[in-house]
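K.L.:
What follows is a single structure, and I will ask about it in a moment.
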Amino acid sequence: KGNAALLNEQDRALVSQLLDLDQAHLFEGWPELGIDDEGKRRLLAQLLLLDASYHGGLAAYVSNARKLLQDSRDGVNSFEGYIPSVPTGATLDFASPEFMALEGEGLREAGQAAFVLVAGGLGERLGYSGIKVALPCESATCTPFLGLYISSILALQARSAGGRRLPLAIMTSDDTHGRTLELLRRNKYFGMEEDQITLLKQEKVACMIDNAAHLALEPADRFAVQTKPHGHGDVHMLLAKSGLAAQWLQSGLKWVCFFQDTNALVFRALLAALGVSARNDFDMNSLAVPRKAREAIGAIARLTRPDGSAPLTINVEYNQLDPLLRSTISKEGDVNDESGYSPFPGNINQLVLKLSSYVPQLAATGGVISEFVNPKYKDATKTAFKSSTRLECMMQDYPKALPPTAKVGFTTIKQVWASYSPVKNSPADAAAKFREGNPTHSATTGELDIYKANCLSLAEAAGLVVPSPLQTATFNGITTELYPRVVLSPAFAPSLGELKSKVAPGSISLTPGSVLVLDGPDISVRGPLVVVGALVVRAVAGAVVELGPLQVDNRGWSWEPLAEGEPASEEERIRGFKVVRHETMELVYDNPGTYVVPAHVQQPQAAKAEGAPSTPEPEA
Ligand code: UGB
């Protein structure tokens, strides 16, 4: 009908390829030239984008999809014929001598690491209207997750021997890209240099309507292919395509550390994991937590053929692990051992990969590591879908691309509070999980676990006596203990070892409701520092602040449950509380110099209302 006139050479090649791929339905029923031409152009542009953003183009996508859809229909079990066992890895007690040694080694390795944040997910489960990395990780300082991550990387950079800039890549998507960029710009990249950060935007992939992988058109728009996210596994493809991973290797970096959008504790455990990777020369190392048998979290398992060949250490989703164990080595399935936990560690998807083996793998595979499809069939004949489906991929499936000789392991920190408390679930879902006795992974616990981790770190590093009993409260239906609200910024101490060196043993005493914020690279505590109320100390680099004998006594801050229907911000609502700042001692050191506190603090004026920081002069 004359529509050929709309096509340029590139369009024509793609359309002809799509016709060969049995996708003629995309163009069927097009009105004649002159009618809906804008829509036709829009569809062509979208198809070109879908073609360009998948390794091997739409031809590869359709062909991969057909194979995976066939396997799904045939009920092929990807773990068929494998015998599971517990892989090699490190299981560490937080703050144990072994942990401290590995953390020290990891700190040295961190100076040769690149960092990758996967932040393309919109977090529908959380029900937050913004992007997740913009959420404050806690309400004492209101530092957004992205700010916390960047400060953590900068703190490691400042301590690295060579002082090289440590690169950060952030994977975004159409859902998060603009707002991530805006957040970075508004906050001046949180102190990082702009060209130290690379944003890699993932594209969605086409949905399919049937087992023959016919692409799905939007029901309400005949000129748009239905698309859905391809999953966090896209990060490998983007690091391959952008050439970034290869550049990092070329510039002498050794490691790449992947992490998720809302786990504020990740950097506390990452150094030990880097130490474990270096000691074992691991190609891939997954941070893990102890996992109760059958808990809904992926398990890291070693799989081999019955003759011991083709070993593969990989995340096995919990719903697949139990049947796999039952059909092979354990009639009881996934059960706890004498430690009270499953012997298979729980994957928290914070990964350390060795660049020298990662980059060749990316070159060989284009970063398309391993995909899967999860169609919801209408009936047992598995011929029709309830709704369209698409290929998906997960970043932890990377070992599937590695040769059997690869060294893949894990690092479990036995204390979950020390490494993992993500913000994933809406208040309603979190409350239901709480009632079932499961971790809630909510905005409420994401914040409160930071205070807990800081108090317990201070207990380990500097003999803090955690006040007893702790306060308790119920927020959004979750009843929990509240540790004193302690925030230790990454600049102050990015490792437990450094915390030990900066806080004298037994120097800090806190009451159950006290608030203590220490933010600055050159702050140390000699004590005794007694906080009844709220103390905030902020110091720029070069402001050497020694907190000597100091008694803080003010009305402090309170974390108060929101009353039914009370006006509150969205950030407060998903946590279920608001923070009321009654009175604060705030010590701010904006200029380099040496300051011994309390020499500069006159007690009567020091305890004062929020918003009037004291800026002491440096010592003469
Ligand atoms: N993400 C993207 O960047 N792009 C996408 O297309 C999708 C996600 P979810 P998920 O921590 O316990 C993971 O949705 O995928 C980012 C592991 O697979 O929070 O359900 C997104 O922005 C699972 O094995 O988690 O589960 C976020 O940063 C287990 O470890 C990240 O990917 C689980 O996390 C994860 O996305 C867990």
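The values are calculated or read from the model by the stated rules, or taken from the named source; none is laboratory data. All of these numbers come straight from a predicted model, not from anything done at the bench. Note that each Cβ is placed from the backbone with ideal geometry, even for glycine, and that neighbours are counted across all protein chains shown. These area figures cover heavy atoms from the full protein model, side chains too; ligands, DNA and RNA do not enter into them. Shrake-Rupley method; radii C 1.70, N 1.55, O 1.52, S 1.80 Å.
K.L.:
Return one quarter of the surface area of the convex hull spanned by the alpha-carbon atoms of region 203-260, equal to its mean projected area, in nm².
P.N.:
6.0 nm²
K.L.:
Provide the packing ranking of 440-448, 556-564, i.e. peptides ordered by the mean count of other C-beta atoms within 10 Å per residue, highest first.
P.N.:
Ranked by mean Cβ neighbours within 10 Å, highest first: 440-448, 556-564.
K.L.:
Using protein chains only and a probe of 1.4 angstrom, how many square angstrom of D519 are accessible, to the nearest 10?
P.N.:
Result for D519: roughly 50 Å² accessible.
K.L.:
Let me ask you something else. From the phi of every residue in region 213-222, what ³J(HN,Hα) in whole Hz does the Karplus formula 6.51 cos²θ - 1.76 cosθ + 1.60 yield, where θ is phi - 60° and glycine or proline is x?
P.N.:
6, 6, 5, 8, 8, 4, x, 9, 8, 5
K.L.:
For a 29 Å ceiling on Cα separation, which of these pairs sit above it: K228/K378; K354/K433; K132/K378?
P.N.:
Check vs 29 Å cut-off fails for K354/K433; K132/K378.
K.L.:
Right, something else. Only four residue types carry charge here, +1 at the Cβ of Lys and Arg and -1 at the Cβ of Asp and Glu. Report the dipole size of the chain about the Cα centre in Debye, rounded to the nearest 20.
P.N.:
600 debye
K.L.:
Per residue, how much accessible area does the chain show when a 1.4 Å probe rolls over the protein heavy atoms, in square angstrom?
P.N.:
On a per-residue basis, the chain sits at 41 Å².
K.L.:
Express in Å², to the nearest 10, the accessible area of T381 obtained by rolling a 1.4 Å probe over the protein heavy atoms while all chains stay in place.
P.N.:
80 Å²
K.L.:
For the chain, what is the convex hull (Cα atoms) projected area averaged across all directions, in square nanometres?
P.N.:
Answer in nm², one decimal: 31.5.
K.L.:
Of the heavy-atom accessible surface of the chain (probe 1.4 angstrom), what whole percent is carbon and sulfur?
P.N.:
After summing per-atom areas, the C and S share lands at 52 percent.
K.L.:
I need to check one value: relative contact order of the chain, counting alpha carbon pairs closer than 8 Å and at least 6 residues apart, in percent.
P.N.:
Relative contact order comes out at 14 percent.
K.L.:
Let a ≥ b ≥ c be the square roots of the eigenvalues of the Cα gyration tensor of region 445-509; is it rounded (a/c under 1.5), or, if not, prolate (a/b larger than b/c) or oblate?
P.N.:
Oblate, because a/c is 1.5 or more while a/b does not exceed b/c.
K.L.:
How would region 53-191 be classified by its alpha-carbon gyration tensor: rounded, prolate or oblate, with rounded meaning a/c under 1.5 and the a/b versus b/c comparison settling the rest?
P.N.:
It comes out oblate by the Cα gyration axes.
K.L.:
In region 354-454, which trypsin sites (Lys or Arg not before Pro) fall in coil by DSSP and have 10 or fewer other Cβ atoms within 10 Å?
P.N.:
In loop regions of region 354-454 (DSSP not H, G, I, E or B), the sparsely surrounded trypsin sites (Lys or Arg not before Pro) are K376.
K.L.:
Let me ask something else about it. How would H214, H236 rank on accessible area, largest to smallest, probe 1.4 Å?
P.N.:
H214, H236
K.L.:
Just read off the accessible area of D37 with the full protein assembly in place, 1.4 Å probe, to the nearest 10 Å².
P.N.:
30 Å²
K.L.:
Okay, next question. Search the structure for amide H atoms under 5 Å from the amide H of S342, placed 1.01 Å from N in the peptide plane, and list their residues when 5 or more places away or on another chain.
P.N.:
Under 5 Å from the amide H of S342: R291, K292, A293, D337.
K.L.:
Sticking with this structure for a sec: Please list 3J(HN,Hα) in residue order for region 376-390, calculated via the Karplus relation 6.51 cos²θ - 1.76 cosθ + 1.60 where θ = phi - 60°; whole Hz, with x for glycine and proline.
P.N.:
3J(HN,Hα) across region 376-390, in whole Hz: 9, 7, 6, 8, 5, 6, 6, 9, 10, 9, 5, 8, 5, 10, 8.
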